[in-house]
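The structure under discussion appears below in the form of C-alpha cells.
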Amino acid sequence: MTHPAPSLKGSATQVVALSDLEGSLHISIPDSADIRPEHDVRAILGENDEKPDWPGAYVQIGRWNDETEEVERAQDFSVEVPKEALEEYVNMTVTVRYQSRNESSDVTSSEPLRLRIEP
C-alpha cells in the first residue's frame, strides 16, 4: 500500500527556487491519505524510500479535540524540509515523499513528487 503523492503547500509549480525560499519547504499531505490520527509522519528525500538520502523528523498527525475529547487527524497537514537539506540538489531534480509510521513502527511511503531545485 502506498499513500497518494504530496504537493507543495501554496504552489502549483514543481520548481523550487532556493533564493525565494524563506525557511523551510512545506510539503502538503493530502487529506485523502489513509493515515490514522495516532500515526506519525515525516518528509523524506531521495529515490530509495527505504534508505532515504534525508529523513525528516516524525511528527504526529493527530490533534486533540476538546469538544469530542478524542484525537482527530489534522486536516491540511504539512511536513517541512529545511532549505539546507535541499541545497545539495541545486540544478537537479529531487524525489520527495512522506512516510507514515504506525504504533508497531510499520512504515508506509507515499507516491513520489519530483521537484526541480534551482539556486
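The values are calculated or read from the model by the stated rules, or taken from the named source; none is laboratory data. Note that the structure is a prediction, hence the values are computed from the model and not measured. Every residue, glycine among them, receives a Cβ derived from its backbone with ideal geometry; neighbour counts consider all protein chains shown.
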Practice task
Would you tally the residues in the range 8-20 being assigned to a loop (DSSP other than H, G, I, E, B), farther than 13 Å from A43 by Cβ and either among the β-branched types (V, I, T) or in contact (Cβ under 8 Å) with a residue 60 or more places away in the chain (or both)?
Solution key: 2
Handout entry: Top-ranked residue in the range 63-78 [being in contact (Cβ under 8 Å) with a residue 40 or more places away in the chain and surrounded by 11 or more Cβ atoms within 10 Å (Cβ to Cβ); ranked as nearest to the chain's Cα centre (by Cα)]
Key = S78
Handout entry: Matching option when the condition is farther than 22 Å from T13 by Cβ, part of a strand (DSSP E or B) and not aliphatic (A, V, I, L, M), among E50, E80, E72
Key = E72
Problem - Of all residues making up the range 10-30, the number that are surrounded by 14 or more Cβ atoms within 10 Å (Cβ to Cβ) and either of a type in the set (A, V, I, L, M, F, W, C) or within 12 Å of V96 (Cβ to Cβ) (or both) - result: 8
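Inside the range 96-108, can you point out the residues that are assigned to a strand (DSSP E or B) and either touching a residue at least 24 places away in the same chain (Cβ under 8 Å) or touching a helix residue (DSSP H, G or I) at 6+ places or on another chain (Cβ under 7 Å) (or both)?
Residues satisfying the conditions are V96, R97, Y98, Q99, S100, R101, T108.
For the range 8-30, name all the residues that are within 13 Å of the chain's Cα centre (by Cα) and modelled with pLDDT under 95.
Within the range 8-30, L8, K9 meet the criteria.
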Exercise for the section: Identify, by number, the condition in (1) part of a loop (DSSP other than H, G, I, E, B); (2) farther than 27 Å from Y89 by Cα that R63 doesn't meet. Expected result: (1)
Practice task
Determine whether T93 is free of Cβ contacts under 8 Å to residues at least 24 places away in the same chain, more than 17 Å from D31 (Cβ to Cβ) and surrounded by fewer than 16 Cβ atoms within 10 Å (Cβ to Cβ).
Solution key: no
Practice task
Look at A5 and say whether it is assigned to a loop (DSSP other than H, G, I, E, B), among the small types (G, A, S) and at negative phi.
Solution key: yes
Practice task
With respect to E111, determine if the residue is touching a residue at least 24 places away in the same chain (Cβ under 8 Å), crowded, with 16+ Cβ neighbours inside 10 Å, out of contact with any helix residue (DSSP H, G or I) (no Cβ under 9 Å at 6 or more places or on another chain) and under 20 Å from D31 (Cβ atoms).
Solution key: no
